[in-house]
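Data block below; observations after.
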Amino acid sequence: MTIPRALVVLAVLLAVAAPLSAGQPIQGFDSLTPEEQARVRENLERWRQLSPEEQARIRENYQRWQRLPPEERAKLRERLQRWREMTPQQQEAVRERLNEWREMTPEQRKAAREQLQHHWQEMTPDERKAARERLENQLPPEQREQMRQSVKRWRDMTPEERQKAREKLRKKLDEVQPRKHPEQDKPLSPPHSP
């Protein structure tokens, strides 16, 4: 498992920023290669150019990252990799959809979920299967398998377990992006749930 370069750089910056800025020696700095030392110095200079607010936001995000369980970090790395593999047009389309969803009122979100569920239920089993296959075919093989496993776990859950999973997901989503309408009662359920 590799740690994203940005996090390594951030960790080094946070570890060395105070001693370097105070003119103190940094433990282990001399053991770095000249190229690594140059990168640390370059990144430290970039760090110094950030506003105090930007530095505080980065520190806060780094601390949040450190508190995440390893499996959550792995999921976030996978999402980041998927994001990096998207074309700029795909990324823009995702941003637009997310912004549209965030701007919706709780009533609009509820209506959108109901419309999706109604549309899904109106489909024949063959149409549902074809829709799932179209979605799966857009994913890389490892993500396809993850999706299949997620669907299987969801189907095997009791209604109580599903409710707990929704609540856990809601909390995680709120940590990443607080909702504009926190009174929203439930996140979008998978359309293939019974």
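The values are calculated or read from the model by the stated rules, or taken from the named source; none is laboratory data. Values in this document were obtained by computation on a predicted structure and should not be read as measured data. Reconstructed Cβ throughout: ideal geometry from the backbone, glycine too, with neighbour counts over all protein chains shown.
Based on what the data block shows, is Leu98 of a type in the set (A, V, I, L, M, F, W, C), within 16 Å of the chain's Cα centre (by Cα) and exposed (fewer than 13 other Cβ atoms within 10 Å of the Cβ)? Quick ask: steps written out before the conclusion?
Numbers: of a type in the set (A, V, I, L, M, F, W, C): yes; within 16 Å of the chain's Cα centre (by Cα): yes; exposed (fewer than 13 other Cβ atoms within 10 Å of the Cβ): yes.
Yes.
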Filter result for Thr124 (loosely packed, with under 11 Cβ neighbours inside 10 Å and β-branched (Val, Ile, Thr)): yes
Condition check for Arg64: under 30 Å from Arg144 (Cα atoms), in a helix (DSSP H, G or I) and in contact (Cβ under 8 Å) with a residue 40 or more places away in the chain: yes
Pairs where the first residue, in the range 145-159, is touching a residue at least 24 places away in the same chain (Cβ under 8 Å) and the second is of a type in the set (S, T, N, Q), C-beta under 9 Å, 6+ apart: Val151/Ser193; Trp154/Ser189; Trp154/Ser193; Arg155/Ser193
Which numbered condition Thr105 fails, given (1) surrounded by 13 or more Cβ atoms within 10 Å (Cβ to Cβ); (2) in contact (Cβ under 8 Å) with a residue 24 or more places away in the chain: (1)
Any hit, the range 74-84, residues being over 26 Å from Arg170 (Cβ atoms) and at pLDDT 85 or above: yes
Residue within the range 20-27 that is at pLDDT below 75, surrounded by 13 or more Cβ atoms within 10 Å (Cβ to Cβ), out of contact with any strand residue (DSSP E or B) (no Cβ under 7 Å at 6 or more places or on another chain) and more than 30 Å from Arg95 (Cβ to Cβ) present: yes
